[in-house]
Every structure is written in C-alpha cells, then in structure tokens.
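The values are calculated or read from the model by the stated rules, or taken from the named source; none is laboratory data. It should be emphasised that the depicted structure is a prediction, and the values quoted were computed from it without experimental measurement. Positions of Cβ are backbone-derived with ideal geometry, glycine not excepted, and every protein chain shown enters the neighbour counts. Ligands, DNA and RNA are stripped out before the accessible areas are found, and what is left, the full protein with its side chains, is counted by its heavy atoms. Shrake-Rupley method; radii C 1.70, N 1.55, O 1.52, S 1.80 Å.
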Amino acid sequence: MMLWDTFDKNEIFLLLFNLFAYIIVVLLPRKFTTRVTLLSFLWGITIGMLFDFTIGGGLLDYYRTNDSNRYEIFDFIYFLLYGPFGYLFFYFYEGLKINKKTIMIYTLGWAFIGILFQLIFMKTEILTLQKGYSLSYSFVIFLVTQTISGIYYEKLRRKERVLS
C-alpha cells in the first residue's frame, strides 16, 4: 500500500465529499441510540468494502479507485464515505416509516442514488470503470446491498431499541 500516486483533483474531491457527508450527518437531528448510530456506520462501511474488495479492486478488478489499481491511503478515505450512506439509509428508513409495502420503492430510490454518486465519482476521477464493467451492473449490486441493508435494519429494529 502507498500513500497516493499523485495528489490531485480526485483526492481533493474525496476529502470534500467526506467533509460534506459527515457534516450532513452531524447537522441532522439525532434519531438513533449511540449503539445503532455506530452500527449504521459500521454496516455501511463493511458492506461497501465487501463489494469493493470483491468486484472493484479485488477479485474481479472491474473498477479502479483513485489513481491506480494498487491500494493507497485515499482508497480507505473513499471507504469512509460508506459510513454516512449507511447511516442515512437507516435514518430515512426510520423517518419515512418504510414498511413491507414501501421497501421496494425505497430500495430502488437508493439504487438510483448510488448510480448518481458513481457517476459523480467517475466525473471526478475517483472511480474509473475497466474491463467492460457497466453502471447497469452497479445498479443490480445496489439493489442487492440495499435490500440486505433493509433486512438488517428490520432485524436490528426488532431486537433492540433503535431510537434515542
């Protein structure tokens, strides 16, 4: 692992995206217990890294994060963006009172949000697709990850008090 290949616009954008995402989380009214807040961040980072290590830079290598196919410190800063996404998924899931009737629409919405951010990350050269990988594949992956996230949150909500 290296620090970074070159420090240029993708690293600057990545720092700004992280700053913006974490500021949003801090400014939102507190909704969850500390435990659920930490679990939501950990869940987002874990599920994001799992898929990125599998299809992104790991086994299949379908896209490059930042400047090279080798892991660098800014790849881990990129992974930190998954924390606020996990938190916001749970936050709005609770706030919009998502249930069995609305989960499909909610999941589709988050899949489109994921695609939007991948497009932004491609424009800012944080992500570069390679080996014939297409955004349509990401859409399917987002549908899977968001469905799993919804199931996880439902189980979490049944097992413990989630609201503070």
| What part of the accessible area of the chain, given as a whole %, is carbon or sulfur when the probe is 1.4 angstrom? | 72 percent
| message | Using a 1.4 angstrom probe on the protein heavy atoms only, could you order Leu80, Leu127, Leu88 from most to least accessible area? | response | Leu80, Leu88, Leu127
| task | Whole number in Å², please: accessible area per residue of the chain, 1.4 Å probe, ligands, DNA and RNA not counted. | result | 56 Å²
| remark: Computed for the stretch 59-164: size of charge dipole around the Cα centre, +1 on C-beta of each Lys and Arg, -1 on C-beta of each Asp and Glu, debye to nearest 20, value 620 debye
| remark: With every protein chain kept in place and a 1.4 Å probe, the residues Asp8, Asp61, Asp75 fall, from largest accessible area down, as Asp8, Asp61, Asp75
| said: Let me spell out the model: positive unit charges on the Cβ of Lys and Arg, negative unit charges on the Cβ of Asp and Glu, origin at the Cα centre of the stretch 1-107. What dipole size does that give, in debye rounded to 20? | reply: 820 debye
| task | Convert 37 °C to kelvin, take the viscosity as 0.692 mPa s, use the Kirkwood radius over C-alpha pairs of the chain as Rh, and evaluate the Stokes-Einstein diffusion coefficient in µm²/s, rounded to a whole number. | result | 199 µm²/s
| query | P(r) of the stretch 90-164 in 5 Å steps, Cα pairs, percent per bin? | reply | 3, 14, 22, 20, 14, 11, 8, 5, 2, 0
| remark: Checked against the positive end of the charge dipole of the stretch 9-73 (+1 on Cβ of Lys and Arg, -1 on Cβ of Asp and Glu, about the Cα centre), the farthest of Trp43, Leu27, Phe17 is Leu27
| Which whole-number percentage describes the relative contact order of the chain, with Cα contacts under 8 Å and a sequence gap of 6 or more? | 33 percent
| task | Using only protein heavy atoms and a 1.4 Å probe, report how much of Met104 is accessible, in Å² to the nearest 10. | result | 140 Å²
| field | Per-residue HN-Hα couplings for the stretch 109-115 [Karplus 6.51, -1.76, 1.60; θ = phi - 60°; Hz; x = Gly/Pro] | value | x, 5, 5, 5, 4, x, 5
| query | So what's the projected area for the stretch 45-112, the Cα convex hull averaged over all directions, in nm²? | reply | 5.2 nm²
| remark: Note on the stretch 8-53: alpha-carbon gyration tensor, axes a ≥ b ≥ c; rule is a/c under 1.5 for rounded, else prolate if a/b larger than b/c, else oblate; result oblate
| note | At the level of C-alpha centres, the distance separating the stretch 118-160 and the stretch 31-97, in angstrom, is 9 Å
